[in-house]
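The values are calculated or read from the model by the stated rules, or taken from the named source; none is laboratory data. Note that the structure is a prediction, hence the values are computed from the model and not measured. So basically every Cβ, Gly included, is an ideal-geometry build from the backbone, and we count neighbours across all protein chains shown. Note: areas computed on protein heavy atoms with side chains; ligands, DNA, RNA excluded. Shrake-Rupley method; radii C 1.70, N 1.55, O 1.52, S 1.80 Å.
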Amino acid sequence: MINLRNGIALIGPIGPIALILSSLLFSVQSSYDLVILNGRVIDPESKTDAIRNLGISNGTIKAISTGKLSGRNVIDARGLVVSPGFIDLHQHGQNEENNRFKAMDGVTTSLELEVGTGDVDAWYTQREQKSLINYGVSIGHIGARMKAMREAPVALVPSGPAAHKAATEAEIIEMKQTLEHGLKRGAVAVGFGIQYTPSASRWEILEMFRVAERFGASCHVHMRHAGVKEPGSSIQALEELIAAAAITGAPLHVVHVQSTGGPATPKLLQMIIEAKSRNLDVTTECYPYIAGMTDIKSALFDEGWQDVFGIDYKDLQWAATGERLTKETFNEYRKTGGMVAVFSMTEEIVAAAIKSPVTMIASDGILERGKGHPRTAGTYSRILGQYVREQRALTLMDALTKITLMPAKRLERRVPSMKNKGRIRLGADADLTIFDAQTIIDKSTFQEPAKYSEGIRFVIVNGVSVVKDGQPQSNIYPGRAVRAPFN
Ligand SMILES: [Zn+2]
């Protein structure tokens, strides 16, 4: 009470003193958990590109200022870009090994939305309090189909009845129930890999889209066909999906448009732009490499794959050893299974996809004990180093839009918490990536896929530094679940 009376007494002739006192008090109170000083803050939503100081407390951005801020921890970001943390909509590897490589490539939120899972609760439970970065999953049509067909999940994608058997009415009903249950338990989206389940009828896919629509979930789809050869081209496959989106009203997200499209990619992008102009909710993504990677046992390598991709045995590289394949080694490995890189694209196609205003960037990554595709560890640094700095194929603002804001917006209708990601604004989650735009570059290659990118200096997940001075931090798990509300 005394303080209050004194406070009131100060109003009047000595008002300016009160003002000084209260601003002193304010600066003491406003000591943040973490401050990031003098960085070039780039926010694609507000189009901010300016030197600012950030104050972070309790995992949230609390101050964005040109004035001085103080905090218990300080990062001097002079000369560095401070961006919203990168959001990867397509990352299969979701364990400690993969998370470390993602963080070192600037990723703060890593989502498995294409293949997804068949059991949403179990998937999230496995990662609770154990994740370096934010994580989330879709309920997958592949998983639902494997469950309905009683195929054991031995690999990421099926090679038994779930790939090759037409579904009965009862099996389609069971798949719909699996999707529904997953969505009720907060799955972020619905995933599809139709090329891996070629026996799934068009009606079966429509039935799955109908379920997605009821939950406002986007359908993240690996299309039924690749390449340009008719019938069965990627153009026909995209027609199926745009039709499904129009018929059912479900939002559509076409995954890795460039690796499925190959030479047809510019036409696919045109179709997506046209569909959007008809008010259909259609989006897409690509990754910056001329080869894809998948399981050699999968349906992608069923009879006739050479014609589909326009390639031969020599264009396949065995991930475990780096050797190029022959007819003999192909047949041998096809029996055992394993990951194989598929060199089916050109630099021109990849650059055209990256430059398109409708593409987001997503990695499609997975590493297993250091083996896999370089996209896991290098996608984002490669975009910022090779395509922004070296080739000037797109501006830094446009590139960051494709890897932060666009993926956040894709999901926020179903997952409202995504409105607090992909942005640097007051109240947003303190997921931030701080990098040197002059030196950032990918180091992973097809020979050595498990190499950290360079130039990522600090990565902050919910206010906690998971990369410090370019070094990955261990034994900290600030990652949180990205999950839709239960209903
Ligand atoms: Zn795929």
By residue number, the members of region 258-281 that are surrounded by fewer than 24 Cβ atoms within 10 Å (Cβ to Cβ) and of a type in the set (Val, Ile, Thr) are 272, 273
I want to confirm something. Restricting to region 415-472 and keeping residues that are of a type in the set (Lys, Arg) and open to solvent by 20 Å² or more (accessible area, probe 1.4 Å), which single residue is nearest to the chain's Cα centre (by Cα)?
419
Output the qualifying pairs, or none if there are none: Cβ atoms under 9 angstrom, residues six or more apart or on different chains, first residue in region 194-222 and among the charged types (D, E, K, R), second residue away from the ligand (no atom under 16 Å from the Cβ) and part of a loop (DSSP other than H, G, I, E, B).
204/166; 204/167; 210/249; 210/250; 213/249; 213/250; 213/251; 214/250
Scanning for something in contact with a helix residue (DSSP H, G or I) (Cβ under 8 Å, 6 or more places away or on another chain), within 16 Å of the ligand (Cβ to nearest atom) and touching a residue at least 12 places away in the same chain (Cβ under 8 Å), does region 70-88 turn up at least one residue?
yes
Yes or no: residue 296 touching a strand residue (DSSP E or B) at 6+ places or on another chain (Cβ under 7 Å) and within 15 Å of the ligand (Cβ to nearest atom)?
yes
Number of the exception - residue 364 against (1) away from the ligand (no atom under 16 Å from the Cβ); (2) in contact with a helix residue (DSSP H, G or I) (Cβ under 9 Å, 6 or more places away or on another chain):
(1)
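Do any helices (runs of 4 or more DSSP H) entirely within region 253-328 hold 1 or more residues that are farther than 24 Å from residue 379 by Cβ and not basic (Lys, Arg), and if so, which?
The qualifying helices (runs of 4 or more DSSP H) are 265-277, 305-309.
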Quick one: count up the residues across region 185-215 that are within 16 Å of the ligand (Cβ to nearest atom) and either touching a Gly at 6+ places or on another chain (Cβ under 7 Å) or closer than 17 Å to residue 147 by Cα (or both).
10
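Residues that are acidic (Asp, Glu): which strands (runs of 3 or more DSSP E) entirely in region 35-91 hold 1 or more of them? Spell out how you get there, then give the answer.
On the way: elements: 48-57, 60-65, 70-76, 81-84, 86-88.
Once the strands (runs of 3 or more DSSP E) in region 35-91 are filtered for at least 1 residues that are acidic (Asp, Glu), what remains is 48-57, 70-76, 86-88.
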Check on residue 218, of a type in the set (S, T, N, Q), touching a strand residue (DSSP E or B) at 6+ places or on another chain (Cβ under 7 Å) and within 16 Å of the ligand (Cβ to nearest atom)
yes
The residue that is farthest from the chain's Cα centre (by Cα), considering only those in region 192-239 that are surrounded by fewer than 16 Cβ atoms within 10 Å (Cβ to Cβ) and of a type in the set (Asp, Glu), is 230
Note on region 154-184: residues under 13 Å from residue 299 (Cα atoms) and away from the ligand (no atom under 16 Å from the Cβ) are 160, 161, 164, 165
Filtering region 350-367 down to residues that are part of a strand (DSSP E or B) and under 18 Å from residue 103 (Cβ atoms) yields 361, 365, 367
Of the residues in region 325-348 that are surrounded by 14 or more Cβ atoms within 10 Å (Cβ to Cβ) and more than 25 Å from the chain's Cα centre (by Cα), the one that is farthest from residue 365 (Cα to Cα) is 329
What's the number of the condition residue 165 fails, among (1) open to solvent by less than 60 Å² (accessible area, probe 1.4 Å); (2) charged (D, E, K, R); (3) out of contact with any helix residue (DSSP H, G or I) (no Cβ under 8 Å at 6 or more places or on another chain)?
(1)
Quick check on residue 248: is it more than 21 Å from the chain's Cα centre (by Cα) and among the β-branched types (Val, Ile, Thr)?
yes
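Restricting the search to region 238-255, which residues are among the aliphatic types (A, V, I, L, M) and closer than 23 Å to residue 91 by Cα?
238, 241, 250, 252, 254, 255
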Hey, among the residues in region 93-105 that are farther than 12 Å from residue 363 by Cα and part of a loop (DSSP other than H, G, I, E, B), which one's nearest to the ligand (Cβ to nearest atom)?
94
